[in-house]
Structures are given as C-alpha cells and as structure tokens.
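Q: The structure's right below; bear with me while I get my questions together.
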Amino acid sequence: MAIVRGLLALLVIAYGVFNAIAPLSTALYKLKDRWPAGWPLAQKVLQSSLMRGDAAGADRFVPLMQATNWLQIGLWLLADVLYILAGFRLFGLRPRGAIPVFAVAFLLDVAVWATFKRLPIYDQTFSAAEQQQDFLIFGALIVVGAVMWLAGRRRTKRVQPTLLME
C-alpha cells in the first residue's frame, strides 16, 4: 500500500501544481499595471504548459481573466494548496489525514469551477471538447479520492469465533 500511496501522493501534488498555473497567470494578468514583467511571464508559462507553444493561445484567456475576481483567484489557489498538502500528507505516517484535506480541495475546486461556468465568457473561451475535459478531470479526481480512501483503510484481523468448551 505504501507504493500506491506514494503514486497517489505524486499524482495529487502534480495536479495541485499544474492546476495552480491558471490562477497564478490570472493574478499576474491582473497585476500587469503594477508589475509589467508579470504578464509576459504568465503568457510564456501558459503557452508552454497549456497551449503547447501556441503563441496566440494565451490571449484567448484574457476576457476570462478580466471577468475573474480576486476572491475566485484566492479560492482557486487555496484549493491547489490543499491538493498539494493532501499529497504530502499521503507520504506521512497517518495518510488518512489526507482524505479530508483532499475532499475539501475537491469541493472548493468544483465550487470555483461552477462560478466560472456561470460566466458567459467561459463558453466563448473554451470549446465544448475542452469543457468536457473538466468533467473528465473531476471524474478522475473522484476515482483518486476513492483509491486514497481504500489505500488508507485500516486492515483488521478477522477473529474466528470459537466455541468455549467446559
């Protein structure tokens, strides 16, 4: 089970880190007047990580970034930090502590996504196929949470009942 927990931990940490790219890029976009070098940096990160080198790809997110408020960015980053924390807890001696943290991160992630989904600009920014990926990702996270729960269950020895003979 230690190997399974280790793989799950790496997967959850990687998701938290990768998922943090978008809110960090959005924050850099919103701070571009105060820190002019931030947005070009965010564009490069978006192009290399999400667009696989598509130079025009990062600019299609600008209207969605403009519509995103700081509360959404903060909650989104909090969810990512909680995913990373849950991953590190899986490496610990008490991996069951990772499950509640992961559950809170997942619920927060879904809640933030739902606030974005309500924005009309969201449908203009993402294609139907890209939006379907959201559901696949959430489905995969549910599976990861279930495997975490199964891997963290305590194994108890089954005691066979015996007859006492006098």
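The values are calculated or read from the model by the stated rules, or taken from the named source; none is laboratory data. Worth saying up front: this structure is predicted, and the values here are computed from it rather than measured. All Cβ positions, even for glycine, are placed from backbone atoms using ideal geometry, and neighbour counts span all protein chains on display.
Q: Among (1) among the aromatic types (Phe, Trp, Tyr); (2) surrounded by 15 or more Cβ atoms within 10 Å (Cβ to Cβ); (3) touching a residue at least 12 places away in the same chain (Cβ under 8 Å), where does PHE126 come up short?
A: In the conditions (1) among the aromatic types (Phe, Trp, Tyr); (2) surrounded by 15 or more Cβ atoms within 10 Å (Cβ to Cβ); (3) touching a residue at least 12 places away in the same chain (Cβ under 8 Å), PHE126 misses (3) alone.
Q: Related question: Scan the range 37-46 and tell me whether some residue there is modelled with pLDDT of 70 or more and among the aromatic types (Phe, Trp, Tyr).
A: No, every residue in the range 37-46 fails to be modelled with pLDDT of 70 or more and among the aromatic types (Phe, Trp, Tyr).
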